[in-house]
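So the structure is just underneath, and the comments pick up after that.
The values are calculated or read from the model by the stated rules, or taken from the named source; none is laboratory data. Keep in mind it's a predicted model, so treat the numbers as computed, not measured. FYI the Cβ positions are ideal-geometry reconstructions off the backbone, even for glycines, and counts take in every protein chain you see.
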Ligand code: ADP
């Protein structure tokens, strides 16, 4: 199938070429250049801010049902172009094609969910404090939203932010990752076909993330930034947003523990472990970073896990039999290698992997004998490396699992009901998977605590991040 790429920003309802300079989008599986995309940068951001500001007045005045109709059209168009979107996504991000297809339906599901949820944004009438007063509470859209998104979910990280924003009457400017602008621009094309009024959705592509981010943060018109990416960049955006006291939603890094207790169903736990670790070659913020296995089941778990990992097929994501695609770039490969070297120097044993079969490809790797001094226990490896720690007691593992500055996803396996309740309540994380390694869905609130960020995406809570509460007090009622 020949794929058509859009190569410039989508602003005010049109694809516009703002800059003659371009940047290359690379296929990490082959190092081929897929397209040269217009480097629209700060100029593009400014045009988009103007367009989004102008469109706000029209968009926020529509009824929630009218907005829902646009969203549903967009949703249906995405599903009917599922194959093409998935192929583009795999080509630019390296993600295995079966996962890209999954991401298209996952990403689209946020649009469907919020098309409905937007209709249920209701206010309140409060019993007044005196007989002459009446108190009403209404919820209104925050306004123009800036969304900055990463490459590891080129579609879903966009829809998860902008679907709730659009549903409640905000207009948006998206700055997608420079690694994966093609999926974002395809999405823009479908938004155009869905007939959104010009300026409601703007997608600006460019190489200089820092300057584009600064422009969004400094603009008094942009009322909120929603960001998914590293904790370091989240902190920069928070600092930059202080001048304009912007609201922020931040989905930042994680350091997910995966605990297997003696009472666990080991086969289920192994399946959950493979899903939570090797999805997108370990490049998601909810991927397991640390495996804690209780002593009685340690040998059995490792043996079965090793057997399953050996079955994973590594190769270009576009070939449907492959489970592990390339990592995104050279920096990602370097990070994985540094973490393994550090772990080995502190006593870890490489049970499997630790080789680079081709340029950006890295084999699924298993490390045993890991300890708290290793980099891999403190920071996200963001690659196909499983680090194993052994433990004896529940209290001990809770303390170790919580001993991190991050607090995004966590997982554990047990068949003991009391333990399941205790551990769920004691894990200091925004999300807990009990007897499952897959927790992401549009119907549940995704988000973290501590250095993993603030705000929630998806579910009935997802609209709150894009709404202001206004209280109206009517006095002198006779
Ligand atoms: P990752 O390691 O996943 O790429 P980053 O936080 O570096 O995480 O990047 C996430 C997104 O933020 C990407 O789109 C990237 O281009 C963008 N980005 C990186 N640095 C900045 C910055 N200083 N300001 C705004 N956006 C940035």
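So that you can scan it fast, the table gives a plain yes or no per residue for (1) surrounded by fewer than 21 Cβ atoms within 10 Å (Cβ to Cβ); (2) more than 28 Å from residue 452 (Cα to Cα); (3) under 17 Å from the mean Cα position of the chain (by Cα):
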| position | (1), (2), (3) |
| --- | --- |
| 240 | yes, no, no |
| 250 | no, no, yes |
| 263 | yes, yes, no |
| 275 | yes, no, yes |
| 311 | yes, yes, no |
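The combined condition, being at pLDDT 95 or above, surrounded by fewer than 24 Cβ atoms within 10 Å (Cβ to Cβ) and near the ligand (Cβ under 10 Å from one of its atoms), is fulfilled by residue 207.
For the stretch 332-387, taking the residues that are closer than 24 Å to residue 26 by Cα and more than 27 Å from the chain's Cα centre (by Cα), the one that is surrounded by the most Cβ atoms within 10 Å (Cβ to Cβ) is identified as 358.
Contact annotation: residue pairs with Cβ atoms under 7 Å, 6 or more positions apart or on different chains, pairing a residue in the stretch 150-165 that is touching a residue at least 60 places away in the same chain (Cβ under 8 Å) and over 14 Å from residue 85 (Cα atoms) with a partner that is near the ligand (Cβ under 10 Å from one of its atoms) and assigned to a helix (DSSP H, G or I), are 150/157. With the structure loaded, tell me whether residue 198 is more than 9 Å from the ligand (Cβ to nearest atom), touching a helix residue (DSSP H, G or I) at 6+ places or on another chain (Cβ under 9 Å), outside any helix (DSSP H, G or I) and under 23 Å from residue 68 (Cβ atoms) or whether it fails that test. It is true that residue 198 is more than 9 Å from the ligand (Cβ to nearest atom), touching a helix residue (DSSP H, G or I) at 6+ places or on another chain (Cβ under 9 Å), outside any helix (DSSP H, G or I) and under 23 Å from residue 68 (Cβ atoms). The residue that is farthest from residue 403 (Cα to Cα), counting only those in the stretch 218-268 that are in a strand (DSSP E or B) and away from the ligand (no atom under 15 Å from the Cβ), is 223.
Looking at the stretch 351-380, which of its residues are assigned to a strand (DSSP E or B) and over 20 Å from residue 301 (Cα atoms)? Answer for the stretch 351-380, where residues must be assigned to a strand (DSSP E or B) and over 20 Å from residue 301 (Cα atoms): 358, 361. Looking only at residues of the stretch 136-162 that are away from the ligand (no atom under 16 Å from the Cβ) and in a strand (DSSP E or B), we find that the one that is surrounded by the most Cβ atoms within 10 Å (Cβ to Cβ) is 144.
The set of residues in the stretch 163-195 being closer than 12 Å to residue 228 by Cβ and either assigned to a helix (DSSP H, G or I) or more than 15 Å from the ligand (Cβ to nearest atom) (or both) is empty.
Inside the stretch 95-130, residues that are farther than 30 Å from residue 332 by Cβ and either surrounded by 21 or more Cβ atoms within 10 Å (Cβ to Cβ) or touching a helix residue (DSSP H, G or I) at 6+ places or on another chain (Cβ under 8 Å) (or both) make up a count of 10. Residues that are surrounded by fewer than 20 Cβ atoms within 10 Å (Cβ to Cβ) and touching a helix residue (DSSP H, G or I) at 6+ places or on another chain (Cβ under 8 Å) within the stretch 220-232 comprise just one, 221.
Scanning the stretch 293-308 for residues that are surrounded by fewer than 24 Cβ atoms within 10 Å (Cβ to Cβ) and either touching a residue at least 60 places away in the same chain (Cβ under 8 Å) or out of contact with any helix residue (DSSP H, G or I) (no Cβ under 8 Å at 6 or more places or on another chain) (or both) turns up 294, 295, 296, 298, 299, 302, 303, 306, 307.
Screening residue 92 on (1) closer than 25 Å to residue 325 by Cβ; (2) more than 16 Å from the ligand (Cβ to nearest atom); (3) touching a helix residue (DSSP H, G or I) at 6+ places or on another chain (Cβ under 7 Å) shows it passes everything except condition (2).
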